[in-house]
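Scroll down for the structure; my scribbles are underneath it.
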């Protein structure tokens, strides 16, 4: 995962900055804290008893080059949504760059299993519909933790729907007969993507869990900082915790804190 390392580097930074803050203070951005903490505990249990063991098994049976190829494949599929959101945000130069990256990876990179675009210095961008709504001026809204999906917001929920609409696997069932085969392909691809992403984070979540005084507060603050960073393309105020990312060139991209 390209941004995996940055997730946990930023996790340490956030934990250090928030370490002296009172963890029981009321935050107007988090009016549903009771619900959110319960859902985060539920998600943590699902991760401990289901996702993590499955991810470990996947990592054990999957050769590293295949694991990387699967990650590249789903990254290439995601670029379809990235291109659409580039255009919706008026980033037309980036639209052309991401379109070129998608075409090269699809045609030359064996449907995206080989990241030829990066070899040609075509940078991977991260744009989603939640960012598009933010660029259009739609406010984030209060923090909410979704079962299975993790940190989000009302705008983020709409963003998830928009992202699903831009994912070609959403429509597989309409074009493959009988329909149950299409549904199986769509569901299976989604499950593989989640397992592959979780496997790429194995061994990293310990950093956040051990560094943060309040793990819940850490992920909440990281979520808002991450959204702010992505929507403003890194042009965040000097006091933003992610400002340090502009001063680093580690090739991992922006923070994407979702542990689930």
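Taking the range 115-129 as the range and being more than 15 Å from residue 74 (Cα to Cα) and touching a residue at least 24 places away in the same chain (Cβ under 8 Å) as the test, the residues that pass are 122, 123, 129.
Inspect the range 96-114 for any residue being in contact with a helix residue (DSSP H, G or I) (Cβ under 6 Å, 6 or more places away or on another chain) and in contact (Cβ under 8 Å) with a residue 40 or more places away in the chain and give the result as yes or no.
For the range 96-114, residues in contact with a helix residue (DSSP H, G or I) (Cβ under 6 Å, 6 or more places away or on another chain) and in contact (Cβ under 8 Å) with a residue 40 or more places away in the chain: present.
Restricting attention to the range 43-51, does a residue exist that is part of a helix (DSSP H, G or I), over 23 Å from residue 151 (Cβ atoms) and in contact with a helix residue (DSSP H, G or I) (Cβ under 7 Å, 6 or more places away or on another chain)? The answer is no, given that none of the residues of the range 43-51 is part of a helix (DSSP H, G or I), over 23 Å from residue 151 (Cβ atoms) and in contact with a helix residue (DSSP H, G or I) (Cβ under 7 Å, 6 or more places away or on another chain). Inspect the range 221-240 for any residue being modelled with pLDDT of 70 or more, more than 15 Å from the chain's Cα centre (by Cα), in a helix (DSSP H, G or I) and surrounded by 18 or more Cβ atoms within 10 Å (Cβ to Cβ) and give the result as yes or no. The answer is yes; a qualifying residue exists.
Residue by residue, here is whether (1) at pLDDT below 95; (2) in contact with a strand residue (DSSP E or B) (Cβ under 9 Å, 6 or more places away or on another chain); (3) surrounded by 14 or more Cβ atoms within 10 Å (Cβ to Cβ) holds:
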position: 3; (1), (2), (3): yes, no, yes
position: 15; (1), (2), (3): yes, no, yes
position: 28; (1), (2), (3): yes, no, no
position: 48; (1), (2), (3): yes, no, no
position: 64; (1), (2), (3): yes, no, no
position: 67; (1), (2), (3): yes, no, yes
position: 83; (1), (2), (3): no, no, yes
position: 89; (1), (2), (3): no, no, yes
position: 97; (1), (2), (3): no, no, yes
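Considering 141, 162, 173, the condition of being on the phi > 0 side of the Ramachandran plot and either surrounded by 12 or more Cβ atoms within 10 Å (Cβ to Cβ) or modelled with pLDDT under 95 (or both) is satisfied by 141 alone.
The values are calculated or read from the model by the stated rules, or taken from the named source; none is laboratory data. None of the values given here were measured: they were computed from a predicted structure. FYI the Cβ positions are ideal-geometry reconstructions off the backbone, even for glycines, and counts take in every protein chain you see.
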